[in-house]
């Protein structure tokens with residue numbers, strides 16, 4: 001069964017959600033109360049857009065283990081999602097994209113969060129966009145839907161760097177009903193900024209600790 005569990009995790013990390021559903025179901029045929037498999041199955045269904053099934057499975061986990069933190073967090077995230085119509089279908093990046101590099105990466109909590117229903121549909125690993133405005137930097141989905149904004153001090157710095165030619169990738173790091181944390185990574189640095197790090201060591205020290213991976 002350990003081999004099946006490892007295969008299930010491998011499919012999830014590769015974003016192969018139909019395969020993840022199939023193999024977790026296979027595990028559950030042998031043990032219908034395997035909480036890890038149930039949580040993985042719920043997550044796979046959410047990635048496929050079937051929020052109704054995902055909720056049902058997470059509720060079954062709570063019936064077995066009322067304090068199961070993964071199921072509780074999942075249900076809290078999905079509680080404002082009434083149907084499958086809110087599924088985003090955004091591309092999900094792999095866990096190892098969240099590697100921290102001094103001066104090139106930063107983990108930051110967003111402010112002025114947008115619609116709760118939209119936030120409930122976002123998953124860690126979703127790629128998002130930085131959109132620079134005169135007085136702020138917004139974080140949006142590829143579709144342009146607003147998620148939140150960067151803190152003003154960081155926004156002011158990044159606006160100058162982006163305008164000067166720096167390129168960044170931004171991924172969702174963690175999601176809670178009232179909190180979204182993103183991971184910003186410098187992809188390329190303009191020649192004029194070749195000796196200027198995007199983020200100082202003090203920036204890194206002020207970051208929140210990285211949360212443990214779902215898997």
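The values are calculated or read from the model by the stated rules, or taken from the named source; none is laboratory data. Model, not experiment: these values are computed from the prediction. FYI the Cβ positions are ideal-geometry reconstructions off the backbone, even for glycines, and counts take in every protein chain you see.
Here residue 85 meets each of (1) assigned to a loop (DSSP other than H, G, I, E, B); (2) more than 16 Å from the chain's Cα centre (by Cα); (3) modelled with pLDDT under 85 with one exception, condition (1). Only one entry of 19, 47 meets the criterion of being under 23 Å from the mean Cα position of the chain (by Cα), in a helix (DSSP H, G or I) and touching a residue at least 12 places away in the same chain (Cβ under 8 Å), and that entry is 47. Taken together, 173, 145, 160 contain a single residue that is assigned by TED's automatic domain parsing to the domain that holds residue 118 and within 12 Å of residue 198 (Cα to Cα), which is 160. A residue that is closer than 14 Å to residue 122 by Cα, touching a helix residue (DSSP H, G or I) at 6+ places or on another chain (Cβ under 8 Å), crowded, with 19+ Cβ neighbours inside 10 Å and not assigned by TED's automatic domain parsing to the domain that holds residue 121 occurs somewhere in segment 62-77. Across segment 44-57, a minimum of one residue is classified as modelled with pLDDT of 90 or more, out of contact with any helix residue (DSSP H, G or I) (no Cβ under 7 Å at 6 or more places or on another chain) and more than 26 Å from residue 142 (Cβ to Cβ). Of everything in segment 138-191 that is touching a strand residue (DSSP E or B) at 6+ places or on another chain (Cβ under 6 Å) and free of Cβ contacts under 8 Å to residues at least 24 places away in the same chain, the residue that is nearest to residue 120 (Cα to Cα) is 140.
At least 2 residues that are modelled with pLDDT under 90 in each: list the helices (runs of 4 or more DSSP H) lying fully within segment 107-215 that qualify.
116-120, 201-206
Can you confirm whether residue 28 is in a helix (DSSP H, G or I), modelled with pLDDT of 85 or more and surrounded by 17 or more Cβ atoms within 10 Å (Cβ to Cβ)?
Criteria not met by residue 28.
Looking across segment 108-122, the residues that are in contact with a helix residue (DSSP H, G or I) (Cβ under 7 Å, 6 or more places away or on another chain) and under 21 Å from residue 15 (Cα atoms) come down to 120, 121.
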